[in-house]
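Working notes, structure below.
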Amino acid sequence: MEKETYKVLSLDIWDTVIRRDCHPDEIKAMTAEYLSVKYGDKIAPEKRLVLELVKQRVCCEQQLGKQMAAQGYDDEYELHDVIRQWLMCVFIQGTDIQEELIQELYQYELEKELEHVRLDSGIIELTERYCYDSLIIISDFYAGSDFIRQILETVCFPLPISHIYISCELRYNKRSSNLFRHILDKLRISPGEQLHIGDNAHSDVSVPGALGIHTVHYLPSKEHAGRLEREKSFR
């Protein structure tokens, strides 16, 4: 059978190309624990518990997202900005927040991600069913392309990537369709010339499909069952 051919094949990252062996919020909890242990004397006493620190971080993410949306973009935020806002919220009032500390926490979170990721077991075989001119990565995520590139290198992703598009860098995301629209315009291709593969029924299938982009809903049973089990155990 002749393979379907596209100008661009795009892949989602999380739970499509990359799998974690933990719930994603566990990574945030690890960073919170590191902050609590190493810099607990700078944190307001009522905010020193790890669960409270994670709660405060999520609130900061939501606030930054709302600020971005108020500027006419999607509700995106970037990890350095989140950490800066987070420290301002949890540190004792008047504590000086150094850029070196923000970078230290960013690097720590990256290291924790690298310790808990692996390449999806079936994604490479799936891509081999199609012919395409270029391969790109598209992700709704709060850390940029350098962060993602290091993760891809760690799991030894074997395919050449033309470009990585991350929502926090472009301030547009998949779920609004704005990130897909941006990429179509940037690459000067029609929707029918792109195939997108991802796990999320809304942002990876319904949204791009409504634009005319070809889609594959990638939800392998064994991998997905493991993900659901991790989510269940984290609650």
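The values are calculated or read from the model by the stated rules, or taken from the named source; none is laboratory data. Bear in mind the structure is a predicted one, so any value in this text is a computation, not a measurement. We place every Cβ from the backbone using ideal geometry, glycine too, and count neighbours over all the protein chains shown. Areas reflect the complete protein model, heavy atoms only, side chains present, ligands, DNA and RNA absent. Shrake-Rupley method; radii C 1.70, N 1.55, O 1.52, S 1.80 Å.
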### Task
Test V17 against the stated conditions and say whether it is out of contact with any Lys or Arg (no Cβ under 7 Å at 6 or more places or on another chain), open to solvent by less than 50 Å² (accessible area, probe 1.4 Å), within 29 Å of V207 (Cα to Cα) and modelled with pLDDT of 95 or more.
yes
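Against the definition (closer than 30 Å to P220 by Cβ and open to solvent by less than 40 Å² (accessible area, probe 1.4 Å)), how does I137 come out, yes or no? Steps first, answer last, please.
Numbers: closer than 30 Å to P220 by Cβ: yes; open to solvent by less than 40 Å² (accessible area, probe 1.4 Å): yes.
Yes.
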### Message
Can you say whether L159 is surrounded by 15 or more Cβ atoms within 10 Å (Cβ to Cβ) and of a type in the set (A, V, I, L, M, F, W, C), as far as the supplied structure shows?
### Response
no
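Conditions tested, residue by residue: (1) on the phi > 0 side of the Ramachandran plot; (2) hydrophobic (A, V, I, L, M, F, W, C); (3) in contact with a strand residue (DSSP E or B) (Cβ under 9 Å, 6 or more places away or on another chain).
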residue	(1), (2), (3)
N178	no, no, no
R181	no, no, no
L187	no, yes, yes
G192	no, no, yes
V205	no, yes, yes
### Query
Of the conditions (1) within 30 Å of V216 (Cα to Cα); (2) touching a strand residue (DSSP E or B) at 6+ places or on another chain (Cβ under 9 Å), C22 fails just one. Which one is it?
(2)
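Can you confirm whether Y218 is open to solvent by less than 40 Å² (accessible area, probe 1.4 Å), more than 23 Å from Y77 (Cα to Cα) and aromatic (F, W, Y)?
So Y218 fits the description; yes.
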### Summary
Per the list (1) over 17 Å from the mean Cα position of the chain (by Cα); (2) assigned to a loop (DSSP other than H, G, I, E, B), residue check on Y77 breaks on (1)
#### Entry: Residues of segment 143-156 that turn out to be surrounded by fewer than 20 Cβ atoms within 10 Å (Cβ to Cβ), in contact (Cβ under 8 Å) with a residue 40 or more places away in the chain and in a loop (DSSP other than H, G, I, E, B), as a count
2
### Query
Just a yes or no: is a residue in segment 172-192 of a type in the set (V, I, T) and not in a strand (DSSP E or B)?
yes
